[in-house]
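A.B. asks: Encoded as structure tokens, here's the structure I'll be asking about.
The values are calculated or read from the model by the stated rules, or taken from the named source; none is laboratory data. Note that the structure is predicted; figures quoted are calculated from it, not measured. Ideal geometry is used to build each Cβ from the backbone, glycine not excepted, and the neighbour counts take in all protein chains shown.
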Amino acid sequence: MGTSTSSKGGKTGSPFDPEWLAGDGGGSGAGDLPITPDAVDGDASPNQDTDADSDGADSAATEGDAAADLGAIAPNRRYAEARTKMSAYFSGGGRESLRSATKSMVNKGMGGPRRAASTMRRTSQGVGQLGQFLTSARDRTDPKVVDWVERVRQANLSASDLVLELVKEVIPDTGSVDDESLRNAAAEALGMLYELDPNVDILALTDQQIANVMAFTISNEVCNRMDMQLGQTYERLKFDPHEVQLYRQDIKEYVMAEVSVVMGRFTPNNLNPQQLAREVLASSLQVFAQ
């Protein structure tokens, strides 16, 4: 998981989100512009990451939601506690430490689940677009999508090439870090369908399969966010690469299990893909913040 190494992020006194993001409707999640990584804590040294913040995780949730006002200034070293908890996880702390790390990342690091959902709104937009495209490809309801399906079927592409072409069609390459992350997350999600069923036709998926792709993509995006904000923790580990990948796979399984449960609560309601993506991302972030 992840598309790039973690970042040291913004300086002390930085807002949770850049000014242009707030001007794009940051509180409503209605904007269409791609989102660059929000500023992370301004640690002076990587070695300081193991120092826990004085704020408790419980109070961080309340503070985080209160900070969701536009232009709110992020607390100093807002990801330090999450990195401390992640270090504990990698040191054998188990899923409890992983849950604590995720909770702190959402609550204190990202300003609470409401602000986190707004910051990650490009994720919900892209996942909704993906779900809508897959539905239109199956139902043949959109002439442009039908024409595209006919072209790729005639090309007789391999499974991997078909996935790449589909992702490129749904999520064009804008050059932004967020869109790159989203494209990788979607491609990996579609690839997971082939792992579950090598004969699956991704242009004729069932409602449940489309919901699975959407859940997988959201899960991958949450993991990408964890890589970006907390990745320094395992980048400094003395473990060999195989051990690190085992831990990261466990993180992905944890995130995916939680998001899949949330998706299961909404899919019986027959929501449209865009609404479904927004609801599932927002509700999943609320789960991680608890």
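A.B. asks: How about the stretch 263-290: which of its residues are basic (Lys, Arg) and either surrounded by 13 or more Cβ atoms within 10 Å (Cβ to Cβ) or within 14 Å of the chain's Cα centre (by Cα) (or both)?
C.D. replies: Our first condition is that a residue be basic (Lys, Arg); within the stretch 263-290, this holds for 265, 278.
If the condition is that a residue be basic (Lys, Arg) and either surrounded by 13 or more Cβ atoms within 10 Å (Cβ to Cβ) or within 14 Å of the chain's Cα centre (by Cα) (or both), then 278 is the only one that fits.
A.B. asks: Moving to a separate point now. Can you name the condition, by its number, that residue 253 falls short on among (1) within 23 Å of residue 164 (Cα to Cα); (2) surrounded by fewer than 17 Cβ atoms within 10 Å (Cβ to Cβ); (3) among the charged types (D, E, K, R)?
C.D. replies: Unmet for residue 253, out of (1) within 23 Å of residue 164 (Cα to Cα); (2) surrounded by fewer than 17 Cβ atoms within 10 Å (Cβ to Cβ); (3) among the charged types (D, E, K, R): (1).
A.B. asks: Does the stretch 247-270 hold any residues that are part of a helix (DSSP H, G or I) and either at pLDDT below 90 or touching a Ser or Thr at 6+ places or on another chain (Cβ under 6 Å) (or both), and which are they?
C.D. replies: 255, 256, 259, 262, 267, 268, 269, listed by residue number.
A.B. asks: Another one. How many of the residues making up the stretch 214-246 are surrounded by 17 or more Cβ atoms within 10 Å (Cβ to Cβ) and assigned to a loop (DSSP other than H, G, I, E, B)?
C.D. replies: Narrowing the stretch 214-246 to residues surrounded by 17 or more Cβ atoms within 10 Å (Cβ to Cβ): 214-234.
So of that shortlist, the ones also assigned to a loop (DSSP other than H, G, I, E, B) come out as 231.
Qualifying residue count for the region: 1.
A.B. asks: Further question: Which one of these does residue 204 not meet: (1) of a type in the set (A, V, I, L, M, F, W, C); (2) under 28 Å from residue 136 (Cβ atoms); (3) buried (at least 20 other Cβ atoms within 10 Å of the Cβ)?
C.D. replies: Tallying (1) of a type in the set (A, V, I, L, M, F, W, C); (2) under 28 Å from residue 136 (Cβ atoms); (3) buried (at least 20 other Cβ atoms within 10 Å of the Cβ), residue 204 fails exactly one: (3).
A.B. asks: Mind checking which residues of the stretch 261-277 are of a type in the set (D, E, K, R) and closer than 18 Å to residue 224 by Cα? I'd like the intermediate steps shown before the answer.
C.D. replies: Within the stretch 261-277, the first condition is being of a type in the set (D, E, K, R), and the residues that meet it are 265.
Within the stretch 261-277, none qualify.
A.B. asks: Can I ask one more? State whether one or more residues within the stretch 89-107 are under 21 Å from residue 179 (Cα atoms), touching a Gly at 6+ places or on another chain (Cβ under 8 Å) and in a helix (DSSP H, G or I).
C.D. replies: Yes, there is a match, as at least one residue in the stretch 89-107 is under 21 Å from residue 179 (Cα atoms), touching a Gly at 6+ places or on another chain (Cβ under 8 Å) and in a helix (DSSP H, G or I).
A.B. asks: Could you tell me which residue of the stretch 110-156 is surrounded by the most Cβ atoms within 10 Å (Cβ to Cβ), considering only residues that are among the hydroxyl-bearing types (Ser, Thr, Tyr) and touching a residue at least 40 places away in the same chain (Cβ under 8 Å)? Show your work before the answer.
C.D. replies: Initial filter on the stretch 110-156 (among the hydroxyl-bearing types (Ser, Thr, Tyr)): 118-119, 123-124, 135-136, 141.
So of that shortlist, the ones also touching a residue at least 40 places away in the same chain (Cβ under 8 Å) come out as 118-119, 123-124, 135.
Details: 118: 28, 119: 22, 123: 25, 124: 24, 135: 17.
Step by step, filter the stretch 110-156, then rank; the result is 118.
A.B. asks: A further question follows. Which residue is modelled with the lowest pLDDT, if the candidates are limited to the stretch 81-107 and must be of a type in the set (Ser, Thr, Tyr) and farther than 18 Å from residue 253 by Cβ? Spell out the reasoning first.
C.D. replies: Step one: of the stretch 81-107, the residues of a type in the set (Ser, Thr, Tyr) are 84, 87, 89, 91, 97, 100, 102, 104.
From what's left, farther than 18 Å from residue 253 by Cβ: 84, 87, 91, 104.
Values: 84: 93, 87: 91, 91: 88, 104: 96.
Within the stretch 81-107, the match that is modelled with the lowest pLDDT is 91.
A.B. asks: Could you tell me whether residue 210 is touching a Pro at 6+ places or on another chain (Cβ under 9 Å), over 16 Å from residue 103 (Cα atoms) and either in a helix (DSSP H, G or I) or touching a residue at least 40 places away in the same chain (Cβ under 8 Å) (or both)?
C.D. replies: Values: touching a Pro at 6+ places or on another chain (Cβ under 9 Å): yes; over 16 Å from residue 103 (Cα atoms): yes; either in a helix (DSSP H, G or I) or touching a residue at least 40 places away in the same chain (Cβ under 8 Å) (or both): yes.
Yes.
A.B. asks: Suppose we filter 189, 211 for residues that are crowded, with 19+ Cβ neighbours inside 10 Å, more than 15 Å from the chain's Cα centre (by Cα) and within 21 Å of residue 283 (Cα to Cα); which single one remains?
C.D. replies: The conditions single out 211.
A.B. asks: Checking residue 260 against (1) buried (at least 16 other Cβ atoms within 10 Å of the Cβ); (2) touching a residue at least 60 places away in the same chain (Cβ under 8 Å): exactly one of these is not met. Which one?
C.D. replies: (2)
A.B. asks: Follow-up. Tell me the residue from 248, 225 that is among the basic types (Lys, Arg), farther than 25 Å from residue 159 by Cβ and touching a residue at least 60 places away in the same chain (Cβ under 8 Å), please.
C.D. replies: Numbers: 248 fails: farther than 25 Å from residue 159 by Cβ.
Sole residue among the options that is among the basic types (Lys, Arg), farther than 25 Å from residue 159 by Cβ and touching a residue at least 60 places away in the same chain (Cβ under 8 Å): 225.
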